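S.K.: Pasting a structure below so you can have a look.
The values are calculated or read from the model by the stated rules, or taken from the named source; none is laboratory data. What you see is a predicted model; the values in this text were computed from it and never measured. Reconstructed Cβ throughout: ideal geometry from the backbone, glycine too, with neighbour counts over all protein chains shown. When the accessible area is computed, the model is the full protein with side chains, heavy atoms only, and any ligands, DNA or RNA have been set aside. Shrake-Rupley method; radii C 1.70, N 1.55, O 1.52, S 1.80 Å.
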Amino acid sequence: QAKENGKNGICFYTPDINDRLVRYQEVSAMLRRAIVTDRLQLYFQPQIDLKTGGIGSCEALLRCFDESNRMIFPAMFIPVAEKSGLINRLGDWVIETACRQLKAWQGTDLEKTRIDINVSGRQLNNQHLAEHILQTLERYELTPDQLGLELTENVVFGDYEGQIGQLERLKSVGVHISIDDFGTGYSSLVYLRRLPVCSLKIDRSFLHHAMENEGDMAIMQAMISVGHRLGLSVVVEGVETHEQDNLVRESGFDLAQGYLYARPMPADQMPAFLAGIESDH
Ligand code: C2E
Ligand code: MG
Ligand code: MG
Ligand code: MG
């Protein structure tokens, strides 16, 4: 781009860069307003326990609403939040809101349903994160095993020792730790041995290609067996069709998540979903 525009191949300004800058500033301003005006919401997507058919846990997925009440998806704002540092405030909001939801489910049919929140690398770099999570759980009178964290592979490679220490502390008291989008990172399998994790969530691209591609099928099956050999539960994401559902059951996954079972939904739709799967039994 710069080569085409600038005489000497040097160019400090292109409309494209400017567009992106404006977009970045718009999204971060929108996010700041969303935080103070309460335009954030957690949606919940069940993860189905393939042995029992019940809800194993549910993933909290963040939604943001702009001034015209249009829903903004994380792909649009999480990268901006990570870059601008707003992710720490968003992350704190997610921790607080997930705990408040868990508290609200106490005494209902959903009281045993764990909530798994997504955590960015930048949050884990904050050395007070573990302490903050445990204090929030305590403030809501919840037990640590009611909460889970999902971390992507790449997350766990900043301040390696510090991050591992925090994860160890959380896991040792019962917080569930998962590696999200497993198989898409650049890391080696060796680190799995060292990481304090409870489950692997295999990235949906493997499932989506496994139907036509023997290589992807082989890798998916290898990841399942490595996970099981290490004593981890193995989750598949992105199940959209009945064929995929058959495949994941045959392959030995423990839990499955995807549009076939449920789309992410506001908390108030969760009781009806649970009642629906229970009446199917
Ligand atoms: P993820 O953690 O891998 O979440 C799964 C994404 O796949 C979600 O997209 C979910 O809506 C979508 N999904 C679920 N089932 C299916 C399916 O059957 N087919 C397809 N094609 N997609 C499915 P969503 O909600 O747009 O979130 C995207 C990503 O944003 C998440 O990926 C996660 O990395 C990030 N994210 C979401 N909420 C938070 C948050 O509170 N904090 C942080 N740091 N990241 C978040
Ligand atoms: Mg996730
Ligand atoms: Mg995922
Ligand atoms: Mg994924």
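S.K.: Taking the alpha carbon gyration tensor of region 212-254, what are the square roots of 5 times its eigenvalues, largest first, to the nearest whole Å?
M.R.: Taking √(5λ) for each Cα gyration eigenvalue gives 18, 13, 7 Å.
S.K.: Just how many pairs of Lys in the chain have C-alpha atoms closer than 30 Å, counting pairs that are eight or more places apart or on different chains?
M.R.: Close lysine pairs found across the chain: 13.
S.K.: Specify the residue with the greatest mean-square fluctuation among 164, 95, 17, computed from a Gaussian network of the chain linking alpha-carbon atoms under 10 Å apart.
M.R.: Maximum fluctuation in the GNM of the chain, among the listed residues, is at 17.
S.K.: OK, next. Using only Cα atoms, tell me the angle between helix 87-105 and the longest principal axis of the chain; keep it within 0 to 90° and round to the nearest 10.
M.R.: Around 30 degrees separate the two axes.
S.K.: Can you give the helix-only mean residue ellipticity at 222 nm for the chain, where every DSSP H stretch with n ≥ 4 adds -39500 (n - 2.57) and the sum goes over all residues, rounded to the nearest 500 deg cm²/dmol?
M.R.: -14500 deg cm²/dmol
S.K.: Compute the distance from the alpha-carbon center of region 216-276 to that of region 160-201, in whole Å.
M.R.: One Cα centre to the other: 19 Å.
S.K.: Keeping the other protein chains in place, figure out the carbon and sulfur percent of the accessible area of the chain, with a 1.4 Å probe.
M.R.: Accessible surface attributable to carbon and sulfur in the chain totals 50 percent.
S.K.: Please calculate how many Å² of accessible area region 90-186 carries per residue, with a 1.4 Å probe and no DNA, RNA or ligand atoms counted.
M.R.: Solvent-accessible surface per residue comes out at 45 Å².
S.K.: Looking at the square roots a ≥ b ≥ c of the eigenvalues of the Cα gyration tensor of region 37-194, which shape do they give, rounded for a/c under 1.5, prolate if a/b is larger than b/c, or oblate?
M.R.: Judged from the Cα gyration tensor, region 37-194 comes out rounded (a/c under 1.5).
S.K.: For the chain, calculate the relative contact order in percent as a whole number, restricting contacts to Cα pairs under 8 Å that are 6 or more residues apart.
M.R.: That works out to 17 percent.
S.K.: Going by a ≥ b ≥ c, the root eigenvalues of the Cα gyration tensor, does region 106-213 fall in the rounded group (a/c under 1.5), the prolate group (a/b larger than b/c) or the oblate group?
M.R.: Oblate, since a/c reaches 1.5 and b/c is not below a/b.
S.K.: Taking the mean number of other Cβ atoms within 10 Å as a proxy for protection, how do you rank 82-89, 176-183 from highest to lowest?
M.R.: 176-183, 82-89
S.K.: Can I ask one more? Dividing the Cα radius of gyration by the Kirkwood radius, what Rg/Rh value follows for the chain?
M.R.: Rounded to two decimals, Rg/Rh equals 1.00.
S.K.: Here's a follow-up. Pull out the extension gain between residue 249 and residue 230, defined as 0.36 nm times the separation in residues minus the alpha carbon to alpha carbon distance; nm, one decimal.
M.R.: 4.8 nm
S.K.: In square nanometres, what is one fourth of the surface area of the convex hull spanned by the alpha carbons of region 178-281?
M.R.: Across all orientations, region 178-281 yields a mean hull projection of 7.6 nm².
S.K.: To the nearest 10 degrees, how steep is helix 15-36 against the longest Cα principal axis of the chain, on a 0 to 90 scale?
M.R.: Compared with the principal axis, the helix lies near 50 degrees.
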